[in-house]
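Here's the structure we're looking at; comments come further down.
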Amino acid sequence: MFNLILFGPPGSGKGTQSEKLIAKYGLKHLSTGDLLRSEIANQTPLGLEAKTLMDKGQLVPDAVVIGMIDAAMTNNPQARGFLFDGFPRTKAQSEALDELLHKKNASINVLLALDVTEEELIKRLLNRGLTSGRSDDTKEDVIRARLGEYRNKTANVADYYNKSGKTVMIKGEGSVDEIFDSLSAEIDKRM
Ligand code: B4P
């Protein structure tokens with residue numbers, strides 16, 4: 001199995017690059033953001049709880065997202081590997097992911113971290129908010145709250161995987177294709 005974490009702050013290009021990477025490498029895409037938005041669209045109790053937090057720019061509880069990832073991995077027993085997009089976002093999520101992979105005799109091969117300035121992130125998210133219909137993209141104060149959550153709770157996930165030498169920083173500004181080429185080069189070295 002080849003397991004990749006695509007990491008970075010909100011708006012860094014994780015969703016954009018994931019689409020291209022899964023097409024090239026045939027990995028199963030697991031985005032906790034997409035899974036949560038699907039729960040919201042279906043108006044499930046979990047979705048309704050998540051929406052209240054997401055609309056404030058806050059993270060959803062660890063147990064909720066870990067449960068979603070566990071179920072998604074169990075439902076894809078034949079996957080040749082997973083691309084984790086937007087997960088893990090806390091140390092507890094990282095430890096849970098390592099445990100889930102361990103049960104499959106697998107581990108994370110690499111964490112690719114997209115590096116983008118905060119000014120550019122805010123610009124991109126406000127711009128996406130014009131067309132995405134995502135309520136967490138339209139207000140600058142909510143975007144700033146999301147960036148705060150990232151700094152306080154998520155940024156250290158890169159340090160966690162760096163302890164085992166798995167974190168690689170990637171310049172996340174430039175054209176989508178340039179960034180895709182940088183990501184692909186790191187994957188090709190390891191696959
Ligand atoms: P996510 O769905 O993960 O959303 P995101 O971080 O905003 O998006 P992403 O980084 O994928 O955006 P992209 O760059 O593709 O999370 C949403 C919310 O769900 C979180 O705030 C949280 O509440 C909750 N949540 C999700 N996972 C969770 C977890 N594990 N634990 C707890 N809570 C969780 O796109 C951004 C924009 O930039 C796009 O418009 C794109 O077109 C543009 N763009 C991309 N690349 C570009 C480039 N190179 N140049 C210019 N623009 C670019």
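The values are calculated or read from the model by the stated rules, or taken from the named source; none is laboratory data. Remember, predicted model here, so these are calculated numbers, not experimental data. Positions of Cβ are generated from backbone atoms using ideal geometry, with glycine treated the same way; all protein chains shown enter the neighbour counts. The area values use the complete protein model at the heavy-atom level, side chains included, leaving out ligands, DNA and RNA. Shrake-Rupley method; radii C 1.70, N 1.55, O 1.52, S 1.80 Å.
Residues in the range 108-138 that are part of a helix (DSSP H, G or I) and open to solvent by less than 70 Å² (accessible area, probe 1.4 Å): Glu120, Leu121, Ile122, Arg124, Leu125, Leu126, Gly129, Ser132, Ser135, Asp136, Asp137. Just one of the listed residues (Thr32, Thr44, Thr90) is among the β-branched types (Val, Ile, Thr) and crowded, with 22+ Cβ neighbours inside 10 Å, and it is Thr32. For the range 167-184, the set of residues classified as more than 14 Å from the ligand (Cβ to nearest atom), open to solvent by less than 50 Å² (accessible area, probe 1.4 Å) and in contact with a strand residue (DSSP E or B) (Cβ under 7 Å, 6 or more places away or on another chain) consists of Thr167, Val168, listed by residue number.
Out of all the residues in the range 96-103, is one or more within 22 Å of Asn156 (Cβ to Cβ) and exposed (fewer than 13 other Cβ atoms within 10 Å of the Cβ)? Yes, the range 96-103 contains at least one residue that is within 22 Å of Asn156 (Cβ to Cβ) and exposed (fewer than 13 other Cβ atoms within 10 Å of the Cβ).
Restricting Ile143, Ile187 to residues that are more than 14 Å from the ligand (Cβ to nearest atom), hydrophobic (A, V, I, L, M, F, W, C), out of contact with any Lys or Arg (no Cβ under 7 Å at 6 or more places or on another chain) and part of a helix (DSSP H, G or I) narrows the list to Ile187. How about the range 92-107: which of its residues are touching a residue at least 60 places away in the same chain (Cβ under 8 Å) and outside any helix (DSSP H, G or I)? Result: Lys104, Ala106, Ser107. Being more than 10 Å from the ligand (Cβ to nearest atom) and on the phi > 0 side of the Ramachandran plot is a condition met by at least one residue of the range 36-43. Number of residues in the range 80-110 that are of a type in the set (S, T, N, Q) and away from the ligand (no atom under 14 Å from the Cβ): the value is 3. For the range 1-16, the set of residues classified as closer than 22 Å to Ser107 by Cβ and crowded, with 17+ Cβ neighbours inside 10 Å consists of Phe2, Asn3, Leu4, Ile5, Leu6, Phe7, Gly8, Lys14, listed by residue number. Restricting Gly8, Gly57 to those that are within 23 Å of Lys171 (Cα to Cα), within 7 Å of the ligand (Cβ to nearest atom), modelled with pLDDT of 95 or more and of a type outside the set (Asp, Glu) reduces the list to Gly8. Kindly establish whether Leu27 is closer than 26 Å to Ile122 by Cβ and either more than 9 Å from the ligand (Cβ to nearest atom) or open to solvent by less than 70 Å² (accessible area, probe 1.4 Å) (or both). Answer is no for this residue. Just one residue in the set Asp85, Asp62, Asp70 is farther than 22 Å from Gly13 by Cβ and in contact with a Leu (Cβ under 7 Å, 6 or more places away or on another chain); that residue is Asp70. Can you tell me how many residues in the range 18-36 are touching a helix residue (DSSP H, G or I) at 6+ places or on another chain (Cβ under 6 Å) and either of a type in the set (D, E, K, R) or farther than 18 Å from Thr74 by Cα (or both)? The number of residues fulfilling the criteria is 1.
Here Val157 does not qualify as without any contact (Cβ under 8 Å) to a residue 60 or more places away in the chain, buried (at least 21 other Cβ atoms within 10 Å of the Cβ) and within 11 Å of the ligand (Cβ to nearest atom).
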